[in-house]
Structures are given as structure tokens and as C-alpha cells.
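One structure is given below, encoded as C-alpha cells.
Any read-out appearing in this document is the output of simple, stated calculations on the displayed coordinates, not a laboratory observation. None of the values given here were measured: they were computed from a predicted structure. Quick reminder, even Gly has a Cβ in these numbers, built from the backbone with ideal geometry, and neighbours come from all protein chains shown.
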Amino acid sequence: MTIEVRVPQLPESVADATLVAWHKQPGDAVGRDENLADLETDKVVLEVPAPVAGVLRDIKVAAGATVTSGTLLAVIEAGEAATAKATEAPAPTAAAKGEGAKLGPAARRIVEEKHLDPATIAGSGREGRVTKQDVVRALDAKPAAAPAPKPVPPPPVATPRTGRTEQRVPMTRLRARIATRLVEAQSTQALLTTFNEVDMQSLNEARARHKERFEKVHGVRLGFMSFFVKAAVEALRRFPVVNAYVDGSDIVYHDYYDVGVAVSTDRGLIVPVLRDADLMSAADIERAIGAYAQKARDGSITIEELTGGTFSITNGGVFGSLLSTPIVNSPQSAILGMHKVQERPVAVGGQVVVRPMMYLALTYDHRIIDGREAVQFLVTIKDCLEDPTRLLLQV
């Protein structure tokens, strides 16, 4: 019996997808739910699982083609007999045995580039999925080969340059979408950035004092992001226009706080959303951010987890950025930029002391947010972070 493999139903916000790669070829045996191909949308990479076990008989769509919901991709001959017939061949190599391993798209790319056997890599992801980090750890654990003796180089010979080459590579759908949205934000909004700086000493001390107990009680590490999210929510409460957006000639105010937290991936920047962040505890926030980061790395994050958001936070400090002007994630009206913590001399109580300082940036849509509100919003975040008890007392 033959079974058709079609593009699964795409979310409402996604019109089509690009078939990035096939992981099986005609004649290959496939297991039920084994990934056959990767589909790339504007936001995430989706897997196409085999609906039944059997043999892949025909591929209807080539890699690189654009497809929509319900498009016929391939045909599988179902049943154990078909599988047995396809496997009547010499014993498979180690690489072939590992073909059924659950690999995220980023992990699969490295496995193929480095010619690794996925069957030898232990998966730490959901349902045993092998993530990019698992592959990197496997590479690091491989014993280094004995260095070959260095050949004696011939004397250098000056050769004339024959020309300089260029390489044209098409953007991924995610990169193209990011480019479009960034240009749209700058062309449709009146963006302005205001800055301030935060003395991180009190926050560092509070974190150092409670992090071990926090991890023991909640099972998750205490980072800085939970403090910043809670400080942002408090500032949004006081200045609701920062949590609003423009719709035609109207201003739409949200009575909830869905905070997007930017996460960098191999494919580009994505912004998963913390729904109802005002109702989340610090442990909830840290746990959710950790889960989103893991999903982003192994390619399993969903479009629903990336959709919406009323305000965003991005942290260029993890890459060493000292100061930047982030671009608003339209249609939102503002974004908070965190940066590298750096010890600097500052004046405190008439004395020059060295303190861990961080610059903060707030880029906002000046059409609806006045400079006074933007500055006071950022000052509120500064005050909450420099005296974390304010977050508890909401003062």
C-alpha cells in the first residue's frame, strides 16, 4: 500500500515554506515518525515525519522548492515487507545505522560536514534528540590524531594574482524575513534611542547571596534576565504607552505583559515570548528562557512561541557589546537593550569608586512615546535594578 507524504498544516501566519533538504532518498527504508525532510519558514525549521514505516518510493518536490500546506512531497510504500525488501543488502556501516537518530537541523548540518556517526552521539534533547551542543561535545571528546610530520616547505615563489573571487549565496528565509522587518520598522516608525547606566553591584551581591539556595529550591540557575524582565514589567505598569502600539490612527493599549527575549541562533535572531510575564516568578522566567534557548539550538521551537509580544529585551552584552541602538520589533513600540557589565570609576557619595556598570538603551517609537516617558521608563528600570527590593515592594 502506498502512502502520500504531504506538507503538514502550516500556521495561519505562515503562507508557505521552503523545502531545505531531503534526509532520505528513493529506495531508503524509513521508520514511522522518522524525519524525511526539513521545511524552513520565516521563523522556524519544521520537520516532515514519515507517517508510516516502509520504503520511500518517490520524491515529488526537489530541495529548494517553495511549498504550501498539503503539497504532495513524496510517496512511501508502507509495510514490513517493503522495509525488509529494501534492507536486503550487506550489513550497514556504522554511519548507516545512525541515520535514524533524531537530529536537530543544526546538529545534522555539523554531522554531515564532519562525517560523524550520529549513532555514537548521546542525545540530551527532548525524546533523545541529538542537539548541536551534543555534537560539539562529541567533537571535543574525540581523541586528537597524532600530528603528521611537518613537510619541509619549498622556497616561496612569487606568483601574480590571477583574480579575486566572489560568492553569491541566497538568504535563508529567516534572514530575509529579519531584513524585511528591520527595514519596515525603520521606515514606518519614528525611532529614537535614549540611554542610561546601571550600577550592578547590589544586583551582583543579591545574586551571589541567593543563587545556590535558589538553584537548590527551584532546580534552575539564577541569572540576570529574570531581574531585567521583572524590572521591565514594573516600568511597563507605570508607563503603559510603552506597552502599546500604533494601529492606523489608533493607539492600542495592552492590559497584559508578553515580553519577548531575543535569542541568537545559527540561522539568525529569534524572539520567543514570555506570556503574562507579570504573573511569572523569577524561577518561572529563568526556566522558560532556558527552555526556549534549548529549543532554539535544536530547531524545535514553534511558531506560536515566537508570535506576539508587547515589549522586547535584547542582550548584546553576551557578545561583548558595550553600547548599541537596538531596533524595535514591529509592531511593538519599544525595545530594551542590555550590554556588557564593565568595571568603571564612578562618583558615589563624593568619592571615586570602581563599580560594575552596564549601559542600558531604550529604542522607542516617538510617534506615541514622548521623551519624558521614555527617560522615566528607563530610570524606573535603573532604580529597580540598583535596589532589587523595589521589585518585591513595587515602589
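Only Lys, Arg, Asp and Glu carry charge here, each on its Cβ (+1 for the first two, -1 for the last two); on that basis the chain has a dipole of about 1240 debye about its Cα centre. Structural descriptor for the chain: relative contact order 16 percent, calculated from alpha carbon pairs under 8 angstrom and at least 6 residues apart. Using a/c under 1.5 as the rounded threshold, could you call the stretch 206-363 rounded, prolate or oblate? The axes a ≥ b ≥ c are square roots of the C-alpha gyration tensor eigenvalues, and prolate needs a/b larger than b/c, oblate otherwise. It is oblate, given that a/c is not under 1.5 and a/b is not larger than b/c. When each of the peptides 189-196, 60-67, 369-376, 354-361 is scored by the mean number of other C-beta atoms lying within 10 Å of its residues, the order from highest to lowest reads 354-361, 189-196, 369-376, 60-67. Computed from the alpha carbon atoms alone, the convex hull of the stretch 224-278 holds 88 Å³ per residue. Report, ordered by chain and residue number, the aspartates and glutamates lying within cross-link reach of Lys382, taken as a straight Cα distance under 20 Å and ignoring same-chain residues fewer than 8 apart. List returned: Glu197, Asp199, Glu205, Glu234, Asp278, Glu343, Asp370, Glu373.
Taking 0.36 nm per residue of sequence separation and removing the Cα-Cα distance, the Gln25/Gln376 pair yields an extension gain of 120.4 nm.
Helical runs (DSSP H, four residues minimum) scored at -39500 (n - 2.57) apiece and divided by the length of the chain put the mean residue ellipticity at 222 nm at -9000 deg cm²/dmol. Can you give the percent of C-alpha pairs in the stretch 175-281 whose distance is more than 17 Å? Considering the stretch 175-281, 70 percent of its Cα-Cα pairs are separated by more than 17 Å.
Would the stretch 7-65 count as rounded, prolate or oblate if I go by the C-alpha gyration tensor, calling it rounded below 1.5 in a/c and otherwise prolate when a/b exceeds b/c, oblate otherwise? Note, shape of the stretch 7-65 comes out prolate.
Measuring between their Cα centroids, the stretch 274-296 and the stretch 221-269 lie 13 Å from each other. Once phi is turned into θ = phi - 60°, what whole-Hz ³J(HN,Hα) does the Karplus curve with 6.51, -1.76 and 1.60 give for every residue of the stretch 53-70, x standing for Gly and Pro? Couplings: 7, x, 10, 6, 8, 8, 9, 9, 10, 7, 4, x, 7, 8, 10, 10, 3, x Hz.
Each peptide among 216-224, 40-48, 379-387 gets the average number of other Cβ atoms lying within 10 Å of its residues, and from highest to lowest they stand as 40-48, 379-387, 216-224. Normalised Debye scattering of the stretch 323-386 at q = 0.12, 0.13, 0.23, 0.27 Å⁻¹ gives log10 I(q)/I(0) of -0.39, -0.45, -1.02, -1.19, counting only Cα atoms as equal scatterers and leaving out solvent. Angle of helix 201-218 to the longest C-alpha principal axis of the chain, folded into 0 to 90 degrees and rounded to 10: 50°. If you line up the long axis of helix 173-188 against the longest principal axis of the chain, both from Cα atoms, how many degrees apart are they, to the nearest 10? Value to nearest ten degrees: 30.
Relative contact order for the stretch 283-395: 18 percent, from Cα pairs under 8 Å spaced at least 6 residues apart, divided by residue count. Once the gyration tensor of the Cα atoms in the chain is diagonalised, the equivalent ellipsoid follows with semi-axes of 45, 28, 23 Å, ordered largest first. For the chain, the longest principal axis of the alpha carbon atoms and the long axis of helix 225-238 meet at an angle near 50°.
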